[in-house]
Structures are given as structure tokens and as C-alpha cells.
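FYI, it's all coordinate maths here, none of it is from the lab. Everything numeric in this text was worked out from a predicted model, so none of it was measured. Because the Cβ atoms are built from the backbone with ideal geometry, glycine has one as well, and the counts that use them run over all protein chains shown.
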Amino acid sequence: MDRLLSIEAFVRVAETGNFARAAEQLGVTRSVISHRIQQLEEFINAPLFHRSTRHVRLSEVGETYYKECADMVAGFNALTEHMREQRAKPTGKLRVQMLPGFAIGHFAKLLAEFTELYPDIEVDVIVNDRVVDPIEEGFDVTFQMFPPLAETLIERKLFSVRRLFCAAPEYIERHGAPGHPAQLLEHKIALYEGYPSRNKWQFSRGDEVVELSLPGHVRSNSVHVLRDYAAMAAGLTCLPTLVASEALVSGTLVPILTDYSLSSFNFSAVFPATQRRALKVRTLIDFLVERITEQPAWDQPLLERGWIR
């Protein structure tokens, strides 16, 4: 028995909860994975999983064993990557999922610089706003606002996602601007359906805290659609500043309720624990952290105008 291969198979099955998916990720057949797990169970003389026709879950022994094995696999991968790093630049395919709000209008410039610096890394970028388990769907890293779905995932913050309510000047001329958050209910509102806080909104001004549930006359999973909808003077919307900044600075949109602060979210890289020292993953995340400060370029003109804090 090759213990390292068996342990790696065990860790993949534990993380994906699926023998077939683990086999696909490791590039072997399902029977090979089953055989390696069986050998490992015989070696430690204990079952690692509870199996049914539909589910695979860790046994009590398996849960304890997994923590040590995951660290072992991560350590081995880190050592391998470290030795490769001593002799060459990072290489290989990097499969990434990213939210459209950042991918469109911001990521391409950074990606062009990254691929120029690291030509031996192939980057496969999937753009959508689904919250996924990168292990289950085979991503090396995902960039999202929601916290990780599982304890086997690691989160590293890149920047804060600030938000502003805004509207076209023509809309304000016709309908007026709300002076208090409660007055939002008197207006036609278009909302993004993917915020972690869902329909709950909290506005803060000094000691004043206003909590609202906003129904939204229009809802979309695209902040770009909402931005363009608001620019047509059709209603108010709440946008992340990374999407709204240019329109606000140009005057296409005007900010509303700037005396109040909305809660912000973390835009983070989320990746499997076994990838935490992988050279290609670390290289991309370190590159983005270095290029994007806590006060990103799109927020700086809004901070100077006092529209956000």
C-alpha cells in the first residue's frame, strides 16, 4: 500500500463527500479510490466512513483522522511546491471562480499584468455569482462575498465591499430624494439579490440605527443591470461602489442617504485547506492583495467627497 496515495484519496473523499468526484479530481477511477480507502481502513483497523447509497460521511474515527491527514497532505504539497519554487516560477492551470461585480471592469487589467509576470500559469476564469464549494466543483480558488461553506475551506480578505444607494439626476428631479432610510419605501427600488444580508438592511448614523426590510420592485443577480436600470431614471438602487464609482463621479448617478452608513462585506479568496500553500494559488492571491489596498482605487474619489466612510 502506498500510504501517501491512500491518505490523499481519503482526504479528497472527506472533502468532497463523494468517491466519484474525488476520483475525478485525482485523475483515477472510482475503483482505485475505493481500493485505497479500503487499504487504509484495513491498515488502521477502523472504518473511516459511514456509507449509504446516496451519502458518504466521516465516522468518528474518520473525523479525528481527517484533521491530521489534511495537514499531512497540505504539508507534503507545500514542500513539493517549495522545492519547485526554488528552481522555477509557478506553473500549471489555475481554475478560478469570480463574482461579476469585480470580474467586469476590474479584473482584466490585473489579469493581464499577472499573466505577463507568470506566463507559465494558465488561468481559467469562470464568472458567475453562485456561492460554491471549490472542492466540490474543482476550483483552486473562488472570489466571493459569502463566508466559506465548510471548515475545510480557508478565507483571505482582499478588500471591503462598500455600498451606496443612488439614482439618476432625472429621477431625483421628478420624485425627490429620500432624506431618511424609511422613505425608501415610498420609491421604486431595484435590488441585488446576492447580498449575504438578503432582504435585511441596516443603516447607521452616529447612535441612530435603522433596520428595514426592503421588498424591491425589481430584483437581479447582476449589479451591472441594476446600475444601467437606475441610469435610465427608472428607480433607486443600491450598488457596490466598485460598480457605481465611475457613474457617481461622472454624475450619471447621484448618491443618496450619504449621511447613513450601510454595512460592508468582505470580498475574499476562498480555497481548500489543502491548497493553502500551493504556489500558484498563493501567487495569485498575494498578487491581488498587493495590487488592491484596503482603500481601492474605485473608493478613493468617493471617500474624498465624503459619500462613504
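Given the chain, what percent of its DSSP beta bridges are antiparallel, to the nearest 5? Before the final figure, lay out each step's value.
On the way: 29 of 44 bridges.
Rounded to the nearest five, the antiparallel share is 65 percent.
For His180, what charge total do you get from the other residues with a beta carbon under 11 Å from its beta carbon, if Lys and Arg give +1 and Asp and Glu give -1?
Working: positive: Arg205; negative: Glu186, Glu208, Asp259.
Result for the local shell: -2.
Comparing Leu117, Leu279, Leu153, which has the greatest mean-square fluctuation in the GNM of the chain with Cα pairs linked when under 10 Å apart?
Leu117
Using r as the Cβ-Cβ distance of Ala297 and Phe76, and R0 as 35 Å, what FRET efficiency do you calculate, to the nearest 0.05? Each step should come with its number before you reach the end.
On the way: r = 39 Å, r/R0 = 1.13.
Computed FRET efficiency for Ala297 and Phe76: 0.35.
Kindly work out what percent of the DSSP beta bridges joining two residues of segment 186-309 are antiparallel, to the nearest 5. Working shown, then result.
Working: 8 of 13 bridges.
So the antiparallel bridges in segment 186-309 amount to around 60 percent.
So how many Å³ per residue does the convex hull of the Cα atoms of segment 198-309 work out to? Provide the component values of the computation, followed by the final result.
On the way: hull volume 16.7 nm³, N = 112.
Per-residue hull volume (Cα only) is 149 Å³.
Between Glu60 and Gln183, what length in nm is gained on full extension when 0.36 nm per residue of separation is reduced by their alpha carbon distance? Display every interim value, and only then the final one.
On the way: separation 123, 0.36 × 123 = 44.28 nm, distance 5.40 nm.
Extra length available between Glu60 and Gln183 comes to 38.9 nm.
Which lysines does Lys89 reach when only Cα atoms under 20 Å apart count, and residues fewer than 8 places away in its own chain are ignored?
Lys280
Considering only the other residues whose Cβ falls under 13 Å of the Cβ of Thr16, what net charge follows from Lys and Arg at +1 and Asp and Glu at -1? Each step should come with its number before you reach the end.
Values: positive: Arg12, Arg21, Arg30, Arg57; negative: Glu8, Glu15, Glu24, Asp133, Glu136, Glu137.
With Lys, Arg at +1 and Asp, Glu at -1, the net is -2.
Hey, what's the Cα Rg ratio for segment 3-86 versus the globular rule of thumb, 2.2 N^0.38 Å?
Numbers: Rg = 13.0 Å, N = 84, 2.2 N^0.38 = 11.8 Å.
Against the empirical 2.2 N^0.38 Å value, I get 1.10 for segment 3-86.
Are there any chymotrypsin sites (Phe, Trp or Tyr not before Pro) in segment 1-43 that are in a DSSP loop and have at most 14 other Cβ atoms within 10 Å? List them by number. Please list the in-between numbers first.
Values: sites: Phe10, Phe19, Phe43; in loops: none.
The qualifying sites: there are none.
Counting only residues 5 or more places away or on other chains, whose amide H sits under 5 Å from the amide H of Val123 once H atoms are built in the peptide plane?
Long-range HN contacts for Val123: Leu94.
Under a point spin-label approximation (7 Å from Cα along Cα-to-Cβ), what is the Thr29-His50 distance to one decimal in nm?
Result: 3.1 nm between the two label points.
To the nearest 0.05, how large is the calculated FRET efficiency for Lys89 and Glu151 if R₀ is 35 Å and r is the Cβ-Cβ distance? Can you show the working numbers first?
Working: r = 32 Å, r/R0 = 0.92.
FRET efficiency, Lys89 to Glu151: 0.60.
If you average over every viewing direction, what projected area does the convex hull of the Cα atoms of segment 163-263 give, in nm²?
Details: hull surface 22.9 nm².
One quarter of the hull surface, i.e. the mean projection, equals 5.7 nm².
Can you tell me how much longer the chain between Leu110 and Asn221 gets when fully stretched, taken as 0.36 nm per residue apart minus their C-alpha distance, in nm with one decimal? Before the final figure, lay out the partial values.
Details: separation 111, 0.36 × 111 = 39.96 nm, distance 2.40 nm.
Stretched fully, the Leu110-Asn221 segment lengthens by 37.6 nm.
Can you give the angle from 0 to 90° between the axis of helix 241-250 and the longest principal axis of the chain, with both taken from C-alpha atoms, to the nearest 10?
Helix 241-250 sits roughly 30 degrees off the main axis of the chain.
With the convex hull built on the Cα atoms of the chain, state its orientation-averaged projected area in nm². Could you put the intermediate results ahead of the total?
Numbers: hull surface 76.7 nm².
Convex hull of Cα atoms, orientation-averaged projection: 19.2 nm².
So what is the 222 nm mean residue ellipticity for the chain from helices alone, if each DSSP H run of at least 4 adds -39500 (n - 2.57) and you divide by all residues, rounding to the nearest 500 deg cm²/dmol?
Numbers: 11 runs with 123 residues, N = 309.
It comes out at -12000 deg cm²/dmol, rounded to the nearest 500.
Cα gyration tensor of segment 74-160, axes a ≥ b ≥ c as square roots of the eigenvalues: rounded (a/c below 1.5), prolate (a/b > b/c) or oblate?
Taking the square roots of the gyration eigenvalues as a ≥ b ≥ c, segment 74-160 is oblate.
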